[in-house]
Amino acid sequence: MAAGEGLMSVDYEVFGKVQGVFFRKYTQAEGRRLGLVGWVKNTSHGTVQGQLQGPTANVRKLQEWLRKTGSPQSCISRAEFRNEKKIDALEHKDFVILK
């Protein structure tokens, strides 16, 4: 982590064709690549939800990825972010897929 760069946490929900297209697996891989922790899961109403935590700059990169990229077969209509806050320490040890 760069000196002086704080940690942040944000919850997200992604809408569109995001289930059955390996979206969770790709989100986990991208989060780990960026050194983030958190979780991702499918919802009963066809979206993907989760939480991201880590250095602010890398959280912003994954937010952009969730808005525009996703998995190769996904079709994202929108991504919503809420409960954004600065944190002193990470609350998760890894980036996991919840069932």
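Values as computed for the structure displayed
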{"quantity": "Residues that are among the small types (Gly, Ala, Ser) and part of a strand (DSSP E or B), drawn from region 1-50", "calculated": "Ser9, Gly16, Gly38, Gly50"}
{"quantity": "First in region 51-62 and assigned to a strand (DSSP E or B), second anywhere and of a type in the set (Ser, Thr, Tyr), Cβ under 8 Å, 6 or more apart", "calculated": "Gln51/Ser9; Gln51/Tyr12; Leu52/Ser9; Leu52/Tyr12; Gln53/Ser9"}
{"quantity": "Selection from region 72-83 of residues that are open to solvent by 60 Å² or more (accessible area, probe 1.4 Å) and without any contact (Cβ under 8 Å) to a residue 60 or more places away in the chain", "calculated": "Pro72, Gln73, Cys75"}
{"quantity": "Matching entry among Lys99, Lys86 (being within 15 Å of Met8 (Cα to Cα) and either open to solvent by less than 70 Å² (accessible area, probe 1.4 Å) or of a type outside the set (Asp, Glu) (or both))", "calculated": "Lys86"}
{"quantity": "Subset tally (residues that are among the aromatic types (Phe, Trp, Tyr) and touching a Gly at 6+ places or on another chain (Cβ under 6 Å)) for region 24-77", "calculated": "1"}
{"quantity": "Candidate set: region 17-34, residues that are surrounded by 18 or more Cβ atoms within 10 Å (Cβ to Cβ) and within 15 Å of Ser77 (Cβ to Cβ); chosen: the one farthest from the chain's Cα centre (by Cα)", "calculated": "Val18"}
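Okay, residues lined up against (1) within 18 Å of Lys99 (Cβ to Cβ); (2) surrounded by 19 or more Cβ atoms within 10 Å (Cβ to Cβ):
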| residue | (1), (2) |
| --- | --- |
| Val10 | no, yes |
| Phe15 | no, no |
| Leu36 | no, yes |
| Val48 | yes, yes |
| Leu52 | no, yes |
| Pro55 | no, no |
| Gln63 | no, no |
| Gly70 | no, yes |
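The values are calculated or read from the model by the stated rules, or taken from the named source; none is laboratory data. Here the structure is a predicted model, which means the values were calculated and not measured. Positions of Cβ are generated from backbone atoms using ideal geometry, with glycine treated the same way; all protein chains shown enter the neighbour counts. When the accessible area is computed, the model is the full protein with side chains, heavy atoms only, and any ligands, DNA or RNA have been set aside. Shrake-Rupley method; radii C 1.70, N 1.55, O 1.52, S 1.80 Å.
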